[in-house]
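Some notes on the structure that comes next.
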Amino acid sequence: MDLPALQLGHEFEPIPKELHSMATGQPFDTCLTCHCHLLQDGVGYLVEKAVRVYPDAGVQDVIFEYAMCLTCAQQLREELSVESRQRIEAFFKERVDLVARREALLSLPDPLRLDNWLAHCLVTGTPRSACTEYQICAQCDGGDLLYTYMPYFLSAQAMDQMQELISPHTRQILDDFMDTHFGLPPELRALLQDRLVFL
């Protein structure tokens, strides 16, 4: 998206536990795709988690999670169709003012609080507490979470709206990515088809 470049001053903090790997309980340390080491200053990467909540049981499951360096994320993005990328960008521009959102969040008394940034769906405004399925996306550098235009979360409703915008080519690329890296069972694969946030 065509957004103003950011020069971060103090808008970062050590990666909160919510963005740690469920498998290890520690920050992600390698890129899912190229396996480069992530926990060095100056290494930028994305963290994504898909979460399902079971309100009656008071528990939640992380359906999939990963970290990907910015180089690999950009390479994957470039494999997607131009049409899909344009539609997703237009979708966000129509629904979200990311610059105004960031300014509002940074003006809060406790601006670097992850809960504030993940309180409502970026697109629909639905409170996270009302969602039974959602995805979180964040940008990190080494051992720090960066407060850029991320972090944010998208509700299942927002993801479903985005899914309708992508081309068959993009759908196949994303399906192949999910199959290669996660090997989800068919019922989860169908549910999460095409649901990578960083488009």
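Going by average Cβ neighbours within 10 Å, how do the peptides 171-179, 8-16, 120-128 rank, with the highest at the top? Walk me through the numbers on the way to the answer.
Details: 171-179: 15.9, 8-16: 13.4, 120-128: 17.6.
Packing order, densest peptide first, comes out as 120-128, 171-179, 8-16.
Highest first, please rank the peptides 157-167, 74-84 by the mean number of other Cβ atoms sitting within 10 Å of their residues. Before the final figure, lay out each step's value.
Working: 157-167: 16.7, 74-84: 14.5.
Answer by packing, highest mean first, reads 157-167, 74-84.
Give me the accessible area per residue for segment 44-153, probe 1.4 Å, as a whole number in Å².
Details: 4860 Å² over 110 residues.
Accessible area per residue: 44 Å².
Measure of size requested: the Rg and Dmax of segment 101-160, with Cα atoms as the atom set and Å as the unit; please supply both.
Calculated on Cα positions, Rg and Dmax stand at 11.7, 34 Å.
On full extension of the chain, what length is gained from Ala104 through Glu78, given 0.36 nm per residue of separation minus the C-alpha to C-alpha distance? Walk me through the intermediate numbers first.
Values: separation 26, 0.36 × 26 = 9.36 nm, distance 3.15 nm.
Additional length available on full extension: 6.2 nm.
What percentage of the solvent-accessible surface of the chain, computed with a 1.4 Å probe over protein heavy atoms, is contributed by carbon and sulfur atoms?
Working: 5070 of 9940 Å².
About 51 percent, which is the carbon plus sulfur part of the accessible surface.
So how strong a dipole does the chain carry about its Cα centre when Lys and Arg Cβ are +1 and Asp and Glu Cβ are -1, to the nearest 20 debye? Please report the intermediate quantities before stating the final value.
Details: 15 positive and 29 negative charges, 48 e Å.
My answer is approximately 240 debye.
Which one, Ala100, Cys140, Cys34, is farthest towards the positive end of the dipole of segment 30-154 when Lys and Arg carry +1 and Asp and Glu -1 on their Cβ?
Ala100
The values are calculated or read from the model by the stated rules, or taken from the named source; none is laboratory data. In this text the structure is predicted, and so the values were computed from the model without any measurement. Every residue, glycine among them, receives a Cβ derived from its backbone with ideal geometry; neighbour counts consider all protein chains shown. With ligands, DNA and RNA removed, areas are computed over all heavy atoms of the protein, side chains included. Shrake-Rupley method; radii C 1.70, N 1.55, O 1.52, S 1.80 Å.
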